[in-house]
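Comments concern the structure below.
Nothing in this text is a laboratory measurement; each read-out follows from the coordinates by a stated rule. The shown structure was predicted, so the numbers you read here are calculated from the model rather than taken from an experiment. FYI the Cβ positions are ideal-geometry reconstructions off the backbone, even for glycines, and counts take in every protein chain you see.
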Amino acid sequence: MLHFVLLIVCAVAIYLSCEWFVNAVEWLGERLNVGRMAVGTILAAFGTALPESVVTLVAVTTGATPEAKNIGVGAAMGGPLALATVAYGVTGAMLLLQRRKRRAAVPAGTADTVPRPPADRDVEQALGSERDLRRLAKDQTWFLPVFLVKVALGLVAFAFKPVLGLAFFAVYAVYFWREIRGDHEEDEEGVELEPLKFQPKAASPATWAVVAQTLATLAVIFFASQLFVHQLDAIGPMLGLSASVTALLLSPIATELPEIMNAVIWVRQGKTKLALANISGAMMIQATVPSGLGLLFTSWHFDTALLWSGLITMVAIGYLLLTMRAHRLTPGRLAVAAGFYVVFGLGLIPILA
């Protein structure tokens with residue numbers, strides 16, 4: 001019973017700390033004079049993915065056995081899978097829920113006479129303008145070939161394979177530079193930031209307060225996420241799930257919970273672009289940094305389950321990329337992405353049997 005209570009407490013702590021984190025990171029982006037999209041793809045994504053990268057680093061460098069080191073390999077594969085399916089799916093579901101609430105708020109008989117604002121029409125049709133979707137598709141276009149190489153390297157063995165880990169770091173460095181130096185013309189005009197939680201009465205909070213709130217919330221997210229994962233590891237066997245199923249099916253969702261919470265909060269605030277940018281940016285980190293660490297410190301050899309996770313991730317991204325390029329990405333189609341995680345879970349049954 002204690003494990004279930006701690007699980008709920010951790011989830012609440014992660015959500016509340018993420019709400020304070022997104023509040024701080026938007027102010028941090030303003031202080032650093034980076035574009036609004038870079039706030040999601042770089043600052044927020046880097047902050048929430050950093051704890052997972054640290055976990056991977058610890059696993060691959062201090063693991064006493066190959067099996068212990070492979071925990072880091074599993075994390076490097078599970079993170080992108082959870083983001084490409086569950087995180088996008090939850091975002092789509094939140095957008096659908098918001099649309100239903102708006103429709104319910106319209107008095108009966110006036111739905112056809114009251115003009116809907118452009119934001120509502122965008123939600124019902126495509127998620128943003130054609131330019132917005134091209135921007136999102138560009139992130140997936142970066143991710144897919146990197147992830148494909150990452151999976152291919154898990155199928156082969158050669159002497160200099162560990163050195164290629166440095167190439168993954170280099171790819172992220174290029175992506176990072178491109179985002180930070182990106183054109184600010186894509187920024188939303190007239191966006192007013194909410195008051196900083198640490199200084200709610202200040203129209204323009206002190207920089208130290210912005211940095212302090214960012215670091216404090218990241219610390220809470222890190223420790224609460226780790227405790228959340230430990231509770232899942234304990235609850236899994238109680239529910240009759242094997243350690244392998246818990247590690248491959250439940251743990252990835254737990255480790256990506258901060259990104260999912262960020263997306264939920266930003267969608268709730270009407271900042272859909274930031275929500276989607278946070279997920280796509282986190283995916284780029286997960287495709288490069290943990291992979292580079294795994295290549296440097298492990299044999300980076302995939303079993304059937306890891307290959308299956310890689311295949312589902314690529315199919316999910318291919319589906320999203322096609323809808324983005326066709327300018328047909330709607331909340332409903334985004335929510336469908338979560339179904340790929342269900343397919344992954346069903347496919348694990350014969351693999352782990």
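Fewest neighbouring Cβ atoms within 10 Å first, the residues L274, L250, L239 line up as L239, L250, L274. In order along the stretch 218-228, the Karplus-derived 3J(HN,Hα) couplings, from 6.51 cos²θ - 1.76 cosθ + 1.60 at θ = phi - 60°, round to 4, 5, 5, 4, 4, 5, 5, 5, 5, 5, 4 Hz, and Gly and Pro are given as x.
Kindly identify the stretch 298-353 as rounded, prolate or oblate by the Cα gyration tensor criterion: order the square roots of the eigenvalues as a ≥ b ≥ c, call it rounded if a/c is under 1.5, otherwise compare a/b with b/c, prolate if a/b is larger, else oblate.
Because a/c hits 1.5 or more and a/b fails to exceed b/c, the stretch 298-353 counts as oblate.
Between F4 and L193, 0.36 nm times their residue separation minus their Cα-Cα distance comes to what? Before the final figure, lay out the partial values.
Values: separation 189, 0.36 × 189 = 68.04 nm, distance 3.63 nm.
Gain on extension, F4 to L193, equals 64.4 nm.
The alpha-carbon of K101 sits under 19 angstrom from the alpha-carbons of these lysines, leaving out residues fewer than 8 places away in its chain: K271.
Going by how many other beta carbons lie within 10 Å of each one, how would you line up T41, T217, T65, fewest first? All intermediate terms of the calculation are to be shown ahead of the outcome.
Working: T41 30, T217 24, T65 7.
If I rank by nearby Cβ atoms, fewest first, I get T65, T217, T41.
Here the Karplus curve 6.51 cos²θ - 1.76 cosθ + 1.60, taken at θ = phi - 60°, turns the phi angles of the stretch 341-347 into couplings of 6, 5, 4, 4, x, 5, x Hz, with x standing for Gly and Pro. Here the simple spin-label model places points 7 Å from the Cα toward Cβ, and for D303 and A173 these points are separated by 3.5 nm. For V25, V336, V210, the sequence from fewest to most other C-beta atoms within 10 Å is V336, V210, V25.
With a ≥ b ≥ c the root eigenvalues of the C-alpha gyration tensor of the stretch 207-353, is it rounded (a/c under 1.5), prolate (a/b larger than b/c) or oblate? Because a/c hits 1.5 or more and a/b fails to exceed b/c, the stretch 207-353 counts as oblate. Exposed loop sites here mean GluC sites (Glu not before Pro) with a DSSP loop assignment and at most 11 other beta-carbon atoms within 10 Å; the chain contains its longest site-free run at 1-187.
Each peptide in 73-86, 318-331 was scored by the mean count of other Cβ atoms within 10 Å over its residues; highest first, the order is 73-86, 318-331.
Our coupling estimate for the stretch 292-302, obtained by passing each phi through the Karplus curve with A = 6.51, B = -1.76, C = 1.60 and θ = phi - 60°, is x, 5, x, 5, 6, 10, 10, 6, 6, 10, 9 Hz, Gly and Pro reported as x. Q286 sits among other residues whose Cβ lies under 12 Å from its own Cβ, and their net charge, with Lys and Arg +1 and Asp and Glu -1, is -2.
For the chain, the residue among P145, A282, W177 whose Cα projects farthest onto the positive side of the dipole built from Cβ charges is P145.
Relative to one another, the C-alpha centroids of the stretch 52-99 and the stretch 247-314 are positioned 5 Å apart.
Under 5 Å between amide hydrogens, built in the peptide plane, is the criterion, and for W300 it picks out nothing among residues at least 5 positions away or on other chains.
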